[in-house]
Amino acid sequence: MILEQTEINDVILITPRVYKDERGYFMESYNQKKVDKLIKDKFVQDNESVSDKNVLRGMHLQLPPHAQAKLIRVIKGSILDVAVDLRQDSSTYGKHFKHILSGENKKQLYMPAGFAHGFLSLENGTILSYKCSDYYYADSEYSIAWDDPELAIDWGILDPILAEKDRLAENFATFENPF
């Protein structure tokens, strides 16, 4: 397992070792002992979603006291995955990291609590799985606009398929930031 610190503080790209042969492949998708050097969070909930091409989900987060660290991976298909640093004391505050995660490259993206997360599905039937460091609480759920001009995320698409909550999400400038 290779852990790489990205240009955004505390966001880590993980590349597992994949062992392939004529039968298929084997990989260790998560090992707490191996990630403990850089990731101190313990995960308590796994979530899974299926999205068709051009579905954009985000930018989502949970507010304190139920903020979540996340470890994202794609089982099938591919996504453009995006993490935005909302931690006001961070030198990378307001900046984002994006990377293509896919069932083929098997890379994973870790972000600590204090980040907004979103993704654009690049293929039909894309299956995303992610670990969370806290349970889901509807009262703590929040969304920031995926197309916020201040965040300036280049999604490579102008008219994605959105949920109503993502259409109505607030801009970054009006977000009352508790992080």
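Structure summary
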{"item": "Strands (runs of 3 or more DSSP E) contained in segment 63-164 and holding at least 3 residues surrounded by 15 or more Cβ atoms within 10 Å (Cβ to Cβ)", "result": "70-76, 78-85, 96-102, 108-111, 115-121, 126-132"}
{"item": "Single match in L162, L122, L158 (criterion: closer than 12 Å to V55 by Cα and at pLDDT below 95)", "result": "L158"}
{"item": "Any hit, segment 103-115, residues being on the phi > 0 side of the Ramachandran plot, small (G, A, S) and touching a residue at least 60 places away in the same chain (Cβ under 8 Å)", "result": "yes"}
{"item": "Every residue from segment 45-70 that is farther than 20 Å from D148 by Cβ and over 16 Å from the mean Cα position of the chain (by Cα)", "result": "D52, K53, P64, P65, H66"}
{"item": "Subset of segment 165-179 (residues that are of a type in the set (A, V, I, L, M) and under 30 Å from V50 (Cβ atoms))", "result": "L168, A169"}
{"item": "Qualifying residues in segment 4-53 (those that are in contact with a Leu (Cβ under 9 Å, 6 or more places away or on another chain) and basic (K, R)) - the one surrounded by the fewest Cβ atoms within 10 Å (Cβ to Cβ)", "result": "K37"}
{"item": "Test: L56 is part of a strand (DSSP E or B), touching a Leu at 6+ places or on another chain (Cβ under 9 Å) and surrounded by fewer than 20 Cβ atoms within 10 Å (Cβ to Cβ)", "result": "no"}
{"item": "Some residue of segment 15-23 being free of Cβ contacts under 8 Å to residues at least 40 places away in the same chain, in a strand (DSSP E or B) and basic (K, R)", "result": "yes"}
{"item": "Flag for K40 being out of contact with any Ser or Thr (no Cβ under 8 Å at 6 or more places or on another chain), of a type outside the set (F, W, Y), on the phi < 0 side of the Ramachandran plot and not in a loop (DSSP other than H, G, I, E, B)", "result": "no"}
{"item": "So I161, is it more than 19 Å from I14 (Cβ to Cβ), among the aliphatic types (A, V, I, L, M) and in contact (Cβ under 8 Å) with a residue 12 or more places away in the chain", "result": "yes"}
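The values are calculated or read from the model by the stated rules, or taken from the named source; none is laboratory data. All values derive from a computational prediction rather than experimental measurement. Ideal geometry is used to build each Cβ from the backbone, glycine not excepted, and the neighbour counts take in all protein chains shown.
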